[in-house]
Amino acid sequence: MFSVIEMRIAIPAEDNRGLESSVSGHFGRARYFVFVDVEENEIKGAEVVEVPFDEHNPGDLPNFIREHGGEVVLAYGMGRRAMAFFNELGIEVVTGAHGRIKDVVEAFIHQVLEVDPYWKEKIEREKEHGHREH
């Protein structure tokens, strides 16, 4: 990990309640992203941005996040192609993040974020059974 001094973190959200929202279980299906501004290891602000497209192609969400200044993405699950796009853009990705966005960001800032190491298996199991998280 690294020392967080100043950055903008992007998190896919279940709804538009900002820091009170929960991290969306499906990065690519999130309707909202919360962009959290961090300075001196403290949350200084948060902006909720609705995803401007219903359907998207590979690379659209990484470019959307870059256009909004995102430097780090904290997400639960994410596909390999999306991760590759973020890597190309120089944006760090942390997967397995879950819970209330404010708590997740605070834990990340203080380098105590606990991620779900089994997120890939859970998403695959969900796909096999035809379930969607709401």
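None of the figures in this text is laboratory data; all of them are computed from the coordinates on show. Keep in mind that what you see is a predicted model, and the values were worked out from it rather than measured. When we count neighbours, we look across all protein chains shown, and the Cβ atoms used for this are built from the backbone with ideal geometry, even at glycine.
Quick look at the numbers
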item: Candidates HIS68, HIS26, HIS56: whichever shows maximal mean-square fluctuation once the chain is modelled as a Gaussian network with Cα springs under 10 Å; result: HIS56
item: Relative packing of 29-36, 111-118, 69-76, which averages over residues the other C-beta atoms within 10 Å, highest first; result: 69-76, 29-36, 111-118
item: Around ARG17: net Lys/Arg minus Asp/Glu count, Cβ-Cβ under 15 Å; result: -3
item: Spin-label model distance (nm) - LYS122 vs ASN63, 7 Å beyond Cα toward Cβ; result: 3.2 nm
item: Size of charge dipole - the chain - debye, nearest 20, with Cβ of Lys, Arg +1 and Asp, Glu -1, no other charges; result: 420 debye
item: Per-pair calculated FRET efficiency, R0 = 22 Å: ARG8 and GLU88 via Cβ, rounded to 0.05; result: 0.75
item: Helical contribution to [θ] at 222 nm, DSSP H n ≥ 4, -39,500 (n - 2.57), averaged over the chain, rounded to 500; result: -8000 deg cm²/dmol
